[in-house]
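Undergrad: Okay, here's the structure, questions in a sec.
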Amino acid sequence: MNALYRLIGIRQSHGERTVLAIDDLALFPGKLYTLTGANGSGKTTLLTLLALLAPPTAGELRYEGEPVQWTNAALLGLRRQVTLLHQSPYLFDGSVFANVAFGLKLRGIRGDEKQRRVEQALELVGLPGFGQRRARELSGGEAQRVAMARALALEPKVLLLDEPLANVDRGTSELLEGVIAALPERGTTVIMTTHDPEHPGRLGGEQIHLIAGELACPGFVPEINASTGFQTEGVSNRAYL
Amino acid sequence: MEFLAETFRTALALILSLDGEVVTAVVTSISVALWSILFATLAGVPAGVAVGITEFPGKRLVITILNTLMALPTVVVGLAVYGIISRQGPLGELGLLFTPKAMIFGQTILAIPIVANFTLSTVKGADPRIIPTALTLGAGPFQSILQLTRELRFGIMAAVIAGFGRVIAEVGVAMMLGGNIRGYTRTMTTAIAMETGKGEFALGLALGIILMAVALLVNLFLNILQQR
């Protein structure tokens, strides 16, 4: 099977500090990967790279066998195949429907098809009938589910999830785990960061463990840091343009 | 005291009777200010957003210049534009001096730094996740910036309204570039200055009351928008 992503000699630095150093990593389509590691181990940096939001400082990233061209024109087509769901997702001002339909409109999906996909995605995350609610009036857990629905509605080839289950109650967590676990069967590759030591086992798939930005040796038992917080470090409106 | 009460009564009578001179000055003021703010918005909002979301050498200097320009005295703008559009100036052949177009030119220059600066502050205070979220949902760079402005629309509207407040209330540019020609370039502020100088205190007061009412209405409008 051809790799979906191939990372060769990747280095990502913030100033003098190297936060990600991966010599060789291949990720295959239709699989589920859990990405573990302590805070600051480079998980979010790796997801940001895989989401094609920031080019590496050095090295080559290949997507479907082709080296990624970091130009706006080339990136637009690729980014429409890959969706990243941030740990503390941002919902646009407006209705839940408008939020879930945002990416569909950008792809020219309108009318009945748009309606169907939005309703289906909201149903998947257990929020049927929420379309007309104002996004800003939702609880934290509901907002997380709407953001998940917004990503699912796009039916992306790759879904990158940054701690999707960290800030939700147990019921929602179980519901979302079921949704995530079923995605590879539908052909979606899932790469998900987590701090929960049980997730890799429970969700199946493969585990990638990072220590200080580097891949841990196979068979390494990860040291889990249970603390989760809202991470906006490194996120900025100007950084990605 | 009796003088003030009597003047106030006369001013109200002038407003209620829709005195021709009052109406013309009000219409000229509002139309010149609206055109100015339209042009200032077209230039100032993109400038504020661009400075806010990009990093470039000399950015601090640009921000400092923008801040300084916010406090630009209206007579200095009047003087500079006068030099450009007067008969011997580079744009002298266009014959703009003492026309509403000249006032729009000057007031646009006056409003651009205000609109740009307020927009810049709004962009700087924006949630850092807006553009990354739009990009990861498939937006291109331009679409993601458009989404950023949509999210910040109330802040940007406040910037525009602040600019409108500045131009509707200014007198220097209107007087120097418009020339205070009755029925043509006479605005509320130039009329107030002139009528008061002539001792026509009631007419000045009538226009002052309308000017305050316009400012109040604009702010009420902004308030209603922000509560939506």
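Undergrad: After finding the eigenvalues of the alpha carbon gyration tensor for chain A, what semi-axes result from the square roots of 5 times each, listed largest first in whole Å?
TA: On the way: eigenvalues 156, 87, 59 Å².
Sorted largest first and rounded, they come to 28, 21, 17 Å.
Undergrad: How far is helix A:111-124 tilted off the main Cα axis of chain A, in degrees rounded to 10, range 0 to 90?
TA: Result, in degrees: 70.
Undergrad: Let me ask something else. Determine ³J(HN,Hα), in whole Hz, for all residues of segment A:2-14 in sequence, where each value follows from phi through the Karplus function 6.51 cos²θ - 1.76 cosθ + 1.60 and θ = phi - 60°; x replaces Gly and Pro.
TA: Per residue, the Karplus-derived 3J(HN,Hα) values read 6, 5, 7, 10, 9, 10, 10, x, 6, 10, 10, 10, 10 Hz.
Undergrad: Oh, and also: What are the residues whose amide H is under 5 Å from the amide H of B:ARG186, where those residues sit 5 or more places off or on another chain and H is modelled from the backbone?
TA: B:ILE181
Undergrad: Taking the Cα centre of segment B:2-227 as origin and charging only Cβ (+1 Lys, Arg; -1 Asp, Glu), how large is the dipole, in debye to the nearest 20?
TA: 580 debye
Undergrad: Angle check, please: helix B:74-85 long axis (alpha carbons) against the longest principal axis of chain B (alpha carbons), in degrees 0 to 90, nearest 10.
TA: The answer is roughly 90 degrees.
Undergrad: Could you derive backbone 3J(HN,Hα) for segment B:183-189 from the dihedral phi with the Karplus parameters 6.51, -1.76 and 1.60 (θ = phi - 60°), listing whole Hz in sequence and x where the residue is Gly or Pro?
TA: Along segment B:183-189, the couplings run x, 10, 10, 6, 9, 4, 6 Hz.
Undergrad: Tell me, what HN-Hα J-couplings in whole Hz come from the Karplus equation 6.51 cos²θ - 1.76 cosθ + 1.60 at θ = phi - 60° for each residue of segment A:181-193, using x for Gly and Pro?
TA: Computed from phi, the couplings for segment A:181-193 are 4, 7, 5, x, 4, 8, x, 8, 7, 10, 10, 10, 8 Hz.
Undergrad: I've got another one for you. Compute the helix-to-body angle for B:2-16: its Cα long axis versus the longest principal axis of chain B, expressed 0 to 90° and rounded to tens.
TA: Compared with the principal axis, the helix lies near 70 degrees.
Undergrad: When the chain is fully extended, how far beyond the present Cα-Cα distance does A:THR57 get from A:ASP112, taking 0.36 nm per residue of separation?
TA: On the way: separation 55, 0.36 × 55 = 19.80 nm, distance 4.34 nm.
Additional length available on full extension: 15.5 nm.
Undergrad: Expressed in nm to one decimal, what extension gain is obtained for the pair A:ALA181 and A:ASN39 from 0.36 nm per residue of sequence separation less their Cα-Cα distance?
TA: 48.7 nm
Undergrad: Between rounded, prolate and oblate, where does the protein assembly as shown land on the alpha carbon gyration tensor, with a ≥ b ≥ c its root eigenvalues, rounded for a/c under 1.5, else prolate if a/b exceeds b/c?
TA: Working: a/c = 3.26, a/b = 2.35, b/c = 1.39.
It is prolate, given that a/c is not under 1.5 and a/b is the larger ratio.
Undergrad: Lysine pairs in the protein assembly as shown with Cα distance under 19 Å, only those 8 or more apart or on different chains: how many are there?
TA: Taking the Cα cut-off of 19 Å, the pair count is 6.
Undergrad: Amide H to amide H, which residues 5 or more places from A:GLN207 or on other chains are under 5 Å from it, using H placed in the peptide plane?
TA: Long-range HN contacts for A:GLN207: A:THR34.
Undergrad: I need the calculated FRET efficiency for the pair B:GLU2 and B:THR196, taking r as the beta carbon distance and R₀ as 25 Å, to the nearest 0.05.
TA: Values: r = 19 Å, r/R0 = 0.76.
With R0 = 25 Å, the Cβ-Cβ based efficiency is 0.85.
Undergrad: Work out the FRET efficiency for B:LEU16 and B:SER121 from their Cβ-Cβ distance, taking R0 = 41 Å, and round it to the nearest 0.05. The partial results should precede the final answer.
TA: Working: r = 41 Å, r/R0 = 1.00.
It comes out at approximately 0.50.
None of the figures in this text is laboratory data; all of them are computed from the coordinates on show. The shown structure was predicted, so the numbers you read here are calculated from the model rather than taken from an experiment. Ideal geometry is used to build each Cβ from the backbone, glycine not excepted, and the neighbour counts take in all protein chains shown.
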